[in-house]
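Here's the structure, in structure tokens; my notes come after.
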Amino acid sequence: MSFKETLIGNVPENEADGWDLLLHYFEPLAQYYADPEVTEILVNRFDHILVERNNKMEVCETTFGDENALQKLMIQIANRLHQRLDDDHPILDARFPDGSRACCTLPSVSPYGATMTLRIAPRRLLTFDDLVEKGSLTQEMVDFLREKVAGAANMLVSGNTGSGKTTVLRAAAAFVDKGERVITAEDTQELHLGKMLPNCLPMEAPKRKTDFPVTLATLIKTMLRQRPDRGWVGEIRDGEAADAFLQLLNTGHTGCASSLHANSCEDAIARIQYLIATRGGISYELAGRQVLGSVQLLVHASRNYQFGRKITEICMVEDGVVKPVFRFNDATGQHERVG
């Protein structure tokens, strides 16, 4: 199959006309999408567009002209990716060919009008060297993570939205031996570990119209039948995925990793514990013991309007207790070793 290069990635030549139509409707956003300094585009309404550039939000003068123009773009995205966007399915979660993520809503769930949030795929995958240069963490913290990841510690990366959880997971993959078979499972593919790990098998939960829904939990269970040395799982959002990840850790696999939204390293344990308990199979207390017995390394990332993106905590789990090793001191603006 031959492909055509476009602003949003390589698309099949036999579908080029459809993608060209999408790009026609995409024109109001094209200049920002092409800007290497822009990481997110936020369309709050057809006439209210913002971008995140160098960690700062900027209001754009560009608009879509009217509500209909914005919705035409969203419908074309759904059509090209064989997904549904209509009154019965008013939320679209999609991935562009270049790996960028789009989340769209119709007015039935966003009353002021259709919305779109675009998280642009990084043009260059950041390494820990880059993050040290940006002040996100110190070289001592990197060396500590290298030792633990190479030693096959099971890791949870937590943080708020846009804090860099996926960036941390991706950068940490550089410490995995290239001879290991790493299988990744994600709702929307973002890790892209294939360039650094030659024996990496990526899996993604398709959102196309289908009679057989595939979830993140489905992929984790499938992973177990594909001889992984390590399983790296995208963001955990529900109890089914949390339980499947715990089963992965409890079946003799080491060096596994995942991420989730949480407020701290300790809160990450409590959150995955809660998600597992909501499944109803085990109690909250037993879920906590299972998690603390299976995860050894905790990393917390934070995006804050005052200090930007930082790794604010690294902890180890020892004898069922979360013990801080590094912390970011808000008052001094410095990372400190505390354990």
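Each reported figure results from applying straightforward, stated rules to the coordinates on display, with no laboratory input. These numbers were taken from a predicted model, which means no experiment stands behind them. Backbone-built Cβ (ideal geometry, glycine too); neighbour counts: all protein chains shown.
Of the three principal axes defined by the Cα atoms of the chain, the extents in descending order read 59, 49, 40 Å. Specify the longest stretch of the chain that does not include any exposed loop site, a site being one of the GluC sites (Glu not before Pro) with a non-H, G, I, E, B DSSP assignment and at most 12 other Cβ atoms within 10 Å. Of all site-free stretches, the longest is 62-339. For region 112-150, applying the loop criterion from DSSP together with a ceiling of 16 other beta carbons within 10 Å to the chymotrypsin sites (Phe, Trp or Tyr not before Pro) yields Y112. Relative to the dominant Cα principal axis of the chain, helix 67-80 is inclined by about 60°. Let me know the shape class of region 3-119, please: from the alpha-carbon gyration tensor, a ≥ b ≥ c as square roots of the eigenvalues, rounded when a/c is under 1.5, otherwise prolate if a/b is greater than b/c, or oblate. Oblate, since a/c reaches 1.5 and b/c is not below a/b. Could you work out how far helix 284-294 tilts from the main Cα principal axis of the chain, as a 0 to 90 degree angle to the nearest 10? The angle comes out near 80 degrees.
When the alpha carbon coordinates of region 165-239 are projected onto the principal axes, the ranges are 38, 26, 22 Å, largest first.
Binning the C-alpha pair distances of region 85-160 at 5 Å intervals from 0 yields a P(r) profile of 3, 12, 13, 14, 13, 12, 11, 8, 8, 5, 0 %, listed from the shortest bin outward. Once divided by 2.2 N^0.38 Å, the Cα radius of gyration of region 253-333 becomes 1.20. Taking the C-alpha atoms only, the angle from helix 139-150 to the longest principal axis of the chain is near 80 degrees. When the Debye formula is applied to the Cα atoms of region 190-339, each taken as the same point scatterer, what base-10 log of I(q)/I(0) results at q = 0.17 Å⁻¹? Debye curve over Cα of region 190-339, log10 I(q)/I(0) at q = 0.17 Å⁻¹: -1.08. Within a straight-line Cα-Cα reach of under 13 Å, K4 can be paired with the following aspartates and glutamates, leaving aside sequence neighbours fewer than 8 residues apart in one chain: E13, E15, D17, D20, D98. Using +1 at the Cβ of each Lys and Arg and -1 at the Cβ of each Asp and Glu in the chain, identify which of L191, M203, L286 lies farthest towards the dipole's positive end. Of L191, M203, L286, it is L286.
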